[in-house]
Amino acid sequence: DSFVLSNVRIVTPGRPTVDKGMIIVSQDKIVHAGAPTSFEVGYTEIDCTGLTAYPGFIDAYARYGLDLPTAPNNAEAPTATDGPLANFWHGNRKGVFADLDVSAHISTKALQAMHKQGVTVAMLASGRGAFGGYTAVTAMIEAEKAVVLAPRLFQEVSFGSLGSGYPTSTMARIALLRQLFIDGEHYLAHPPESGEAILSAIGDVAAGIQRAVFAADSEREIQRALNLIDEFGLKVTLYGSSAVWQHADALKQRGISVIEQAGLPREPRRE
């Protein structure tokens, strides 16, 4: 838990490289990284001559390293000959995995490839459907069991494809999102005797109890996300692309944070 790395080459962006530096770790926390200094008795000292230390990358939105369960098949839809339905058929839950907690499906072996590239911490998301479930922040260290630093950080929401069949159009997907938020609000206000994990999770987002990470890649998708945020008062962090600059003023006005993709196709410019 407490040790000293001596004679280590320390590379820090924006600062001079320290060729024979020292890193002191106390109770799993780095308390010093730089020129050699004194330290308390009782620390284990490790000679790191010939080794280099540098800051690890944090992947703020990742869809790798997960061993997710197979998506359940929905029940057979009723036909028109069975008679008209009085309300939305609840068997049509394609793309709705709001109760999925990715922290229970992390494959530490699958994370090692990214760890070798310098990624030390990542927020993992399922990337499934309209409601992808809860994200989790995990450390990439080698361990038999995943080291989860922050479980259930966000509920993942997007306008993504929900599979074959209805709803396939953008208008229908937005209608489904709105209906589910309304259903979630009603669920929290009038909880049934037997609980339903999916509506409970969506209700927490609609009520502002659970923050959502909303995947919106284009200018239009961001505007649609803003419309839903304003309508339901959602607490949201956007996962965006190079189009977020087009709504910079609106995002700043609402205090919405953004997880930006690093691979920009071109330099963002405001005309």
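Please determine, by comparing only the residues of region 180-229 that are part of a loop (DSSP other than H, G, I, E, B) and touching a residue at least 12 places away in the same chain (Cβ under 8 Å), which one is surrounded by the most Cβ atoms within 10 Å (Cβ to Cβ). Only one residue tops the list, namely Ala216.
Conditions: (1) touching a Gly at 6+ places or on another chain (Cβ under 9 Å); (2) over 29 Å from Gly65 (Cα atoms); (3) surrounded by fewer than 21 Cβ atoms within 10 Å (Cβ to Cβ). Met114 meets all but one. Number of the miss? Result: Met114 fails condition (2) only. In region 35-80, the qualifying residues are those that are among the charged types (D, E, K, R) and open to solvent by 60 Å² or more (accessible area, probe 1.4 Å), and the one that is modelled with the lowest pLDDT is Glu76. Restricting attention to region 145-156, report how many residues are of a type in the set (D, E, K, R) and closer than 21 Å to Gly56 by Cα. Selection size over region 145-156: 1.
Residue count for region 187-224 under the criterion of being more than 18 Å from Ala98 (Cα to Cα) and among the β-branched types (Val, Ile, Thr): the result is 1. Number of residues in region 6-34 that are open to solvent by 60 Å² or more (accessible area, probe 1.4 Å), aliphatic (A, V, I, L, M) and over 33 Å from the mean Cα position of the chain (by Cα): the value is 0.
Which condition breaks for Pro151 when tested against (1) open to solvent by 70 Å² or more (accessible area, probe 1.4 Å); (2) closer than 27 Å to Glu221 by Cβ; (3) touching a strand residue (DSSP E or B) at 6+ places or on another chain (Cβ under 8 Å)? All conditions pass for Pro151, except number (2).
Filtering region 118-129 to residues that are in a loop (DSSP other than H, G, I, E, B) and in contact with a helix residue (DSSP H, G or I) (Cβ under 6 Å, 6 or more places away or on another chain) leaves only Ser126. Does region 30-52 contain at least one residue that is in contact with a strand residue (DSSP E or B) (Cβ under 7 Å, 6 or more places away or on another chain), within 23 Å of Lys116 (Cβ to Cβ) and free of Cβ contacts under 8 Å to residues at least 24 places away in the same chain? Taking every residue of region 30-52 in turn, at least one turns out to be in contact with a strand residue (DSSP E or B) (Cβ under 7 Å, 6 or more places away or on another chain), within 23 Å of Lys116 (Cβ to Cβ) and free of Cβ contacts under 8 Å to residues at least 24 places away in the same chain.
The values are calculated or read from the model by the stated rules, or taken from the named source; none is laboratory data. Here the structure is a predicted model, which means the values were calculated and not measured. Reconstructed Cβ throughout: ideal geometry from the backbone, glycine too, with neighbour counts over all protein chains shown. Areas reflect the complete protein model, heavy atoms only, side chains present, ligands, DNA and RNA absent. Shrake-Rupley method; radii C 1.70, N 1.55, O 1.52, S 1.80 Å.
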